[in-house]
Amino acid sequence: MQRSAPPSLVKSRTHEVCGAGAYMFALTLAARLDGPTLWVRESWDLRQINPTGFSDLVSPSQLTMCNTENQLDTLAVAEESLRSGAVSLVVMQLSKPIGLTEGRRLQLAARHGQSTGLAIISEDMGSHAAETRWRCAPVFDAEDSTLQMWELIKNKSGTLGVWHVRWNAASRRLFVVSPAGK
Amino acid sequence: MFDGMQRRVVSLWFPRLASDRVLRLRPVDGPFALTLTQQNANRIYCLNTAALRQGLHPGMPYTDARAFCPDLQSHVAEPEQDQRFLSMLRRWATRYCPWVGLEGGNGLVLDITGSAHLFGGEGALLSNMRSRLLRAGLSVQIGCADTRGAAWALAHYGEGHAPTGETLAAIKSLPVAALRIEERVSVALQRLGLRHIGDLALAPRAPLSRRFGPTLLLRLDQALGKQPEAITPQAEAPHYAVRMTLPEPIGLLSDVMAGTERLLAQLCAKLMAQEMGARQLCLTLRRVDQDHQQVEQRLARPLRDPHRILSLFERGLTEIDAGFGIDMLRLEATQVEPVPAQQINHVLEGRKDELDDLISRLGSRIGLENIQRFLPADSHIPERSFLIAPAAYSTPSQAWATVNPRPIILFPPEPVFGSGPRPPKRFRWRRISLTTGHAIGPERIAPEWWLEDENWRSGLRDYWQVHTTQGRRLWLFYTPQNPGWFVQGEFA
């Protein structure tokens, strides 16, 4: 098993993440980039990210939420904000698969604005244009309540891999640990 | 040189201002009345001449008026609109002289000292004024005299033009009510036999002032010019609109942008002088075929920087159809907010401005109120422990404090099967079979009785963090008063 840290996401690109730990992954990324973050979601979505839950991870004041009517607006908002370069991370919650054109436009916008994009998608909904795709899932551990398994399932410029990570709230850092029971 | 110049005052009285205003927009033949609900009764507010001729009068109940005059047409009165119309008339009247004030709810008073000759004398000025107002469909009575009081008296009682220095001669035959005194006083004076202003002017002053107080004689002296009376001109409300008319129509985006840039420079200079910032802007483009197109721009923060605003207009202007060309641009700040001058800060805040501009641009697509940020709130109820506020109208707060761990995702409670106050060993949630590996709790949260909340009808809640052996870490609660288990959130 690898013990090295997971590769940091390439800036100026859009990435994808799926799985039950996707929100944690997005928030960890926001904490690591440590800049203004735009979170785009569709307004019908009843899942609400809870600022009191992640305030020790990333300050909620860095977050700006956008409620859109449909996925078209979500993509337009994400593209415009990536292109402007005013935010360091744009997280978009996608409900439908996006085509190659949309994915490529997001990549171009991210490259233009030097900011990172992250799409939270469902399983098997990935786009070919994404730079990397991650599958994140929480892992049971009796002592630790932050253990996660991050699986890199697509990488345009590197190898794939699996990491077990946990978040240390005191040092606000991510630690790579060996998988439980091994 | 001007010391010897006699002051001249014109008083305008619009006896049927409210109905004239409505009839200007929608002319009606025959009797017409405006009604207003006063003291629980629908009463006549204003009438046109045809209705007055039928014997109706303002203040009578509307039902009575309908009985007298079955073909009466009516409309609901809007006193605020009437006031706005009167202030428009006031602005119009500044074409005659700069010193124009309001006289009650339906009159104007103009100090035309030294400006009458511009219109060819007083007579010509008054007839010019009258003909323009009549053409606009307004009935007006005009009085002109040396003093405000005398002009008012002439406008309301007799409509005359008192030559310079002959004020008393012009108003002496008018009734005492023309002195702007209370009804009670005027009735009492008539009982004494003092029916006209001339009678009053000759009467001994001391008994009058003893009986009626100082106001009566003050009004008389003001009318006759023995006491000064000021006219208060209203300050022009700052008007944040600029326009540009073009000799040749334009159609290229770059040309329209260049025009907008010039307008913005003017507007922002105005805003800067008044220490204001624009919150909402409206650019109206008139085409040669007289069609109008508008570009609205709402801003995330009050701004007066022309370059930043211009770049925000780019998106809206690309959607404009120029047709055969645009020959007028008008830019108005429809909503302004005070923006005091700020000390120059050495800390770079460029990033913040960029974010505000981004919010403005996104707001023009998805609506400014759909861009939100979290603010802390003082509550233990999970759903109410934070506020969601529009980002454009709030400032971020750093004061986030949590005592107990909270899930990072919240959703409406979803029931799961379970019994007893301990978390169930096994349960199904969203069609996944889950086994409890480790549970931390309970944390009791009581509903806030001072706020009515549908979701908290089931009473107290005991919250548990449940770590399932499958990995998912869920936030479950048990309601001891109405036994049942629910999932409300998910930890990472």
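The values are calculated or read from the model by the stated rules, or taken from the named source; none is laboratory data. Computed from a predicted structure; not experimentally measured. Positions of Cβ are generated from backbone atoms using ideal geometry, with glycine treated the same way; all protein chains shown enter the neighbour counts. Each accessible area value is taken on the protein alone, full model and side chains, heavy atoms only, with ligands, DNA and RNA left out. Shrake-Rupley method; radii C 1.70, N 1.55, O 1.52, S 1.80 Å.
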Shielding by other protein chains, B:372-382, mean Cβ within 10 Å
4
Note on region A:97-141: residues buried by at least 50 Å² of accessible area once partner chains are added (vs chain on its own, 1.4 Å probe) come out as A:Pro138, A:Phe140
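Got a sec? What order do B:Thr63, A:Thr37 fall in by accessible area at 1.4 Å, biggest, i.e. largest, first? Numbers along the way, then the final one.
Numbers: B:Thr63 100, A:Thr37 0 Å².
Correct descending sequence by accessible area is B:Thr63, A:Thr37.
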For region B:1-234, what does the alpha-carbon gyration tensor say about shape, rounded, prolate or oblate, given a ≥ b ≥ c as the root eigenvalues, a/c under 1.5 as rounded, and a/b over b/c as prolate?
oblate
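Hey, got the average number of other protein chain Cβ atoms within 10 angstrom for residues in B:466-477? Mind showing how you got there, number by number?
Working: counts 0, 8, 2, 3, 5, 11, 5, 9, 0, 2, 0, 0.
Mean number of neighbouring Cβ atoms from other chains: 4.
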With θ taken as phi - 60° and the coefficients 6.51, -1.76 and 1.60, list the Karplus ³J(HN,Hα) couplings across region A:41-55 in order, rounded to whole Hz; mark glycine and proline as x.
9, 8, 6, 6, 5, 7, 5, 10, 6, 10, x, 5, x, 10, 5
Leaving out ligands, DNA and RNA but keeping every protein chain, what accessible area does A:Leu89 have, in Å² rounded to the nearest 10, with a 1.4 Å probe?
0
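Using protein heavy atoms only (no ligands, DNA or RNA), what is the total accessible area buried between A and B, 1.4 Å probe, nearest 100 Å²?
Details: alone 9310 and 27810 Å², together 33290 Å².
In total, chains A and B hide about 3800 Å² from solvent.
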Hey, which aspartates and glutamates would be in cross-link range of B:Lys172, C-alpha to C-alpha under 15 Å, not counting anything within fewer than 8 residues on its own chain?
B:Asp146, B:Glu159, B:Asp199, B:Asp221
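What's the average, rounded to a whole number, of partner chain beta-carbon atoms within 10 Å of each residue's beta-carbon in B:82-88? Show your work: numbers first, answer last.
Values: counts 0, 0, 0, 0, 0, 0, 0.
Other-chain Cβ atoms within 10 Å of each residue's Cβ, averaged: 0.
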Where does helix A:71-84 land angle-wise versus the long Cα axis of chain A, in degrees 0 to 90, nearest 10?
90
For region A:43-60, residues shielded by at least 10 square angstrom of accessible area compared with the chain on its own, probe 1.4 Å
A:Leu46, A:Arg47, A:Gln48, A:Ile49, A:Asn50, A:Pro51, A:Thr52, A:Gly53, A:Phe54, A:Ser55, A:Ser59, A:Pro60
Sorted by chain and number, the residues with a modelled amide H under 5 Å from that of A:Thr68, at a separation of 5 or more or across chains, are A:Arg41, A:Glu42, A:Ser43
From phi via Karplus (6.51, -1.76, 1.60), per-residue ³J(HN,Hα) for region B:93-105 in Hz, x at Gly/Pro:
5, 5, 6, 8, 6, x, 10, 10, x, 8, 10, x, x
When the helix-only estimate is applied to chain B (DSSP H runs of n ≥ 4, each -39,500 (n - 2.57), divided by the residue count), what is the mean residue ellipticity at 222 nm, nearest 500 deg cm²/dmol?
-9000 deg cm²/dmol
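Count the DSSP beta bridges whose two residues both fall in chain A, then state the antiparallel fraction as a percent rounded to the nearest 5.
Among the beta bridges of chain A, antiparallel pairing accounts for roughly 45 percent.
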Per residue accessible area in Å² of chain B, where ligands, DNA and RNA are left out and the probe is 1.4 Å:
53
Go through region B:384-389 residue by residue and turn each phi into a ³J(HN,Hα) via Karplus (6.51, -1.76, 1.60, θ = phi - 60°); whole Hz please, and just put x for glycine and proline.
10, 7, 8, 10, 10, 10
Per the helix-only calculation at 222 nm, which mean residue ellipticity applies to chain A, given -39500 (n - 2.57) for every DSSP H run of n ≥ 4 and division by its residues, nearest 500 deg cm²/dmol?
-7500 deg cm²/dmol
Can you flag which of A:Lys156/B:Lys352; A:Lys96/B:Lys425; A:Lys11/B:Lys352 are past 25 Å Cα-Cα?
A:Lys156/B:Lys352; A:Lys96/B:Lys425
Fraction of accessible area attributable to carbon and sulfur, the protein assembly as shown (%, probe 1.4 Å):
52
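So for chain B, averaging the separation of alpha carbon pairs under 8 Å that are six or more residues apart and normalising by length, what relative contact order in percent results? Show your work: numbers first, answer last.
Working: 842 pairs, mean separation 43.7, N = 492.
Contact order relative to length: 9 percent.
So, by mean Cβ neighbours within 10 angstrom, what's the order for B:15-24, B:322-331 with the highest one leading? Don't skip to the end; give the middle numbers.
Working: B:15-24: 20.4, B:322-331: 17.8.
So the order, starting with the most tightly packed, is B:15-24, B:322-331.
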Sequence-distant or interchain residues sharing an amide H contact under 5 Å with B:Gly418, placed H: which?
B:Trp485
Highest mean first, how do B:287-297, B:464-474 rank when packing is the count of other Cβ atoms within 10 Å averaged over residues?
B:464-474, B:287-297
For the Cα atoms of chain B, what angle does the longest principal axis make with the long axis of helix B:122-135, in degrees from 0 to 90, nearest 10?
50
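Heavy-atom accessible area per residue, region A:1-130, 1.4 Å probe: how many Å²? Present the calculation step by step, with values, prior to reporting the outcome.
Working: 4810 Å² over 130 residues.
Here the residues of region A:1-130 average 37 Å² of exposed surface.
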Once amide hydrogens are built 1.01 Å from N within the peptide plane, the residues lying 5 or more places from A:Val177 or on another chain with amide H under 5 Å from its amide H are A:His164, A:Val165, A:Arg166
